[in-house]
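J.: Before we start, here is the structure in question, set down as structure tokens.
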Amino acid sequence: MNGRMSHRVVVTGVGAVTPLGPTVGSFWERLLGGESGVRLITQMPVDGLRVRIGAQAAGFEPSRYFSRKELQRLSRSSQLALVAADEALRSAELDAARDAATLKDTAVILGSSITSLASSEAFFYKQLETGIPDPLSIPVSMNLAPAANVALKYGCNGPLLVVDAACSSSSHAIGYVYNMIRAGVMTRAITGGAESPFSPGLLHAWSSMHALSEDNDTPQEACRPFSGDRNGMVLAEHAAILMVESLEAATERRAPILAEISGYGATSDSFHITQPSVNGPAHAMRRALEDAVLPAEGIDYINAHGTGTQLNDKAETEAIKRVFGPRAYRIPVVSIKGAVGHSLAASGALELVSCVLSIRDSVVPPTINLRRSDPDCDLDYVPRSRRTVPITHAMSNSFAFGGSNATLIVSRYRAESSPAA
């Protein structure tokens, strides 16, 4: 930990609702098994759409968790966030009734970007058809809704906000929490992200940019990060929530400590609104290493942004080479988006959860669907099956449209020393 800050920051709980299952356990088992959660979209009509595939939350039945009245007032993103938050709190051994005083002082800071568009589309279509506005349209579809509903459920009176930085939103949200806790501004936070981007208008918009894979006949193989035949990303929905606390607070309540957040780097490309650069991501990775007081040689694993688009995967590979030099070829670099798709604002949170689990279990998942070599993407992407890898420090990258870059470093917790020791 660098000398400017005094508090170590730890992860004490994780929760997730994903295309591989509605719990962290189901997600992790199927991810390590090399499965894909990409399917034909069933939660809305897709007739006439060029893209008819997506990674929808698997095994998630909203009626199991919410009443009919609650469902009228909760966007899909809010539903996902609430279920994932419940698992994260249980993982952190926090009980809403027993620990009401603890939760009262807790912040809720999530990443969300396109939630409002996906949620509001149905309201506005209905208004155009009937001429009658729905008073629920704003409170249901505002970007703050997932975080606000989590805070309401658990009586959290700490800071409440949403970070919107497109596809790096939840990584920046976690980074913001990390900085605030180690500075002593807050003690603990429910953080991460939730996003459900499935609506006809959004699918039309994304496909018009030629950013999405149109492999409708082979959905499970559609997203192919770093593969020479990659042809686009696959939209996804999920929520990933982490309970993050100061080490002192976690120790005081004898909480389980899963990992330690040890570095955060944030940069802007200032290059192009949609095309990725190499300099911005490389600078973010260097800043995270500097923040963690960690040499490049200390990173044992990189969870890549790895969207499966031609430009992103090539640029990220080059950025990793610039930062790590010849050692880049000896570091496992994995993208999990072939398995879970790209949930935009929430993707970084799920990828950090996977890093926490990789540290816990000393294993990294495969990059699935890597079928053909690409001379521009020539790192060790763990293409065939999971790999046993002792991990002390893992890096997770999130890079967004607009040029917003976030890199997080998460480390194996050691009680006797700082992560970089």
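J.: For segment 329-340, state whether one or more residues are surrounded by fewer than 24 Cβ atoms within 10 Å (Cβ to Cβ) and either in contact with a Ser or Thr (Cβ under 8 Å, 6 or more places away or on another chain) or assigned to a helix (DSSP H, G or I) (or both).
T.: Yes - at least one qualifying residue is present in segment 329-340.
J.: In segment 129-201, which helices (runs of 4 or more DSSP H) lie fully inside it and hold 2 or more residues that are of a type in the set (A, V, I, L, M) and surrounded by 23 or more Cβ atoms within 10 Å (Cβ to Cβ)?
T.: 145-154, 169-182
J.: When only residues in segment 202-216 that are in contact with a strand residue (DSSP E or B) (Cβ under 9 Å, 6 or more places away or on another chain) and in a loop (DSSP other than H, G, I, E, B) count, which is modelled with the lowest pLDDT?
T.: Ranking the qualifying residues of segment 202-216, first place goes to A211.
J.: While we're looking at this one, here's another question. Restricting the search to segment 106-132, which residues are modelled with pLDDT of 95 or more and either β-branched (V, I, T) or over 18 Å from the mean Cα position of the chain (by Cα) (or both)?
T.: Within segment 106-132, T106, A107, V108, I109 meet the criteria.
The values are calculated or read from the model by the stated rules, or taken from the named source; none is laboratory data. Note that this is a predicted model, so its numbers are computed, not measured. Counting neighbours? That spans all protein chains shown, and the Cβs are built from the backbone with ideal geometry, glycine included.
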